[in-house]
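Student: Let me begin by handing over the structure; questions about it come next.
Quick note: the coordinates plus some simple rules give every number you see, no bench work behind them. Predicted, not measured: the structure shown is a model, and the values here were computed from it. Counting neighbours? That spans all protein chains shown, and the Cβs are built from the backbone with ideal geometry, glycine included.
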Amino acid sequence: MTAIPGPISAGLMRRKRAAVPTAVGTTMPVFAARAGGGVVVDVDGNSLIDLGSGIAVTGVGSSAPRVVAAVTAQVADFTHTCFMVTPYEEYVAVAEKLNALTPGGHEKRTALFSSGAEAVENAIKVARAATGRTAVVAFDHAYHGRTSLTMALTAKVKPYKQGFGPFAPEVYRAPTSYPYRDGLTGPQALAGAIDRITTQVDVEDLAAVIIEPIQGRAVSSSPPTVSSRASRSGAESTASCSSPTRCRRGSRGPGRCSRASTRGSSPTSSSRRRASPAGCRSRP
Ligand SMILES: Cc1ncc(COP(=O)(O)O)c(C=O)c1O
């Protein structure tokens, strides 16, 4: 045991300050040497209970043996071919698995990206190209990432947006329920969202509605059941395509995707609509 942080961590922190922008902050001022089994061992040899956890490993833990074995086998085979240059089976297998896990009996396709923000950006691109429309609705308390478009979709200013504007246009914000504070029922929350959307957005130009069934970054909140299930039919009755949220890595445990898979809402694939753009038109 050493003081926390120990001398080796303190030295590395001096190097970090000199080499890494201050915007990349530090929650715990120790440097990890190993992690696993719910414990982080720091570079000074201290074992700390891993209450923070990397977001990508909250489901299966750090250095889970099956993950280590799969990654090791893969990098031994090849590290990169670029799937669009030389495809490989594993990409197709992941797409098949995600297609099977995503609710709905319709035809599905999956494209893989290297970050959540990139996946969100591409979902919006596909929705816009498929519908020929531009407007996107996101919700209060939403977190969708830190790239230019996803910052615009993200609701919270500090720490995500402050000083980084102007933000991408044609992004509109609708209210959602914050069950710990507002006491709204699902139907009330849904009615408020539909009212805001139809008042402030040209629904004939609405390309996508993007919603996190479980909000876990800007707040930790799960809107009432009906708002995630019925919001899709509400969105469809006003216009457009609903855009599936990304899988929140690890937070649903292995093999689980978003709440879409547990609450019966079926994300609408924009590519499904491409074959029938008229299907995205507003309905009475
Ligand atoms: C709901 C949601 N969308 C998008 C993102 C952005 O993902 P990434 O940090 O991989 O770009 C996150 C990350 O926490 C997220 O929780």
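Student: Let a ≥ b ≥ c be the square roots of the eigenvalues of the Cα gyration tensor of segment 102-143; is it rounded (a/c under 1.5), or, if not, prolate (a/b larger than b/c) or oblate?
Tutor: rounded
Student: Using alpha-carbon positions, what is the distance between the centroids of segment 87-118 and segment 164-208, in Å?
Tutor: So the two Cα centres are separated by 28 Å.
Student: If R₀ is 25 angstrom, what is the calculated FRET efficiency for the pair VAL67 and VAL24, using the beta carbon separation as r and rounding to 0.05?
Tutor: So the FRET efficiency works out to roughly 0.50.
Student: Continuing with the same structure: Using alpha-carbon pairs under 8 Å, 6+ residues apart, how would you state the relative contact order of segment 7-73 in percent?
Tutor: 24 percent
Student: Another question about this same structure. So which lysines pass the test for LYS161, namely a Cα distance under 25 Å, with those fewer than 8 places away in the same chain ruled out?
Tutor: LYS16, LYS125
Student: Something else about it: Mind checking the dipole of segment 1-132: about its Cα centre, +1 per Lys or Arg Cβ, -1 per Asp or Glu Cβ, Debye to the nearest 20?
Tutor: In total the dipole reaches around 400 debye.
Student: Run the reach check for LYS97 against aspartates and glutamates, Cα to Cα strictly under 15 Å, same-chain hits fewer than 8 apart removed. What comes back?
Tutor: Partners within reach: GLU89, GLU107.
Student: Could you give me the ³J(HN,Hα) list for segment 157-173, computed from phi with Karplus coefficients 6.51, -1.76, 1.60 and θ = phi - 60°, whole Hz, x at Gly and Pro?
Tutor: Once rounded to whole Hz, the list reads 6, 9, x, 7, 10, 4, x, 10, x, x, 9, 4, x, 6, 10, 10, 10.
Student: How would segment 1-99 be classified by its alpha-carbon gyration tensor: rounded, prolate or oblate, with rounded meaning a/c under 1.5 and the a/b versus b/c comparison settling the rest?
Tutor: It is prolate, given that a/c is not under 1.5 and a/b is the larger ratio.
Student: Can you give me the long-range amide H partners of LEU48? Hydrogens built in the peptide plane at 1.01 Å from N, cutoff under 5 Å, separation of 5 or more residues or another chain.
Tutor: It is VAL40, VAL41, ASP42, by chain and number.
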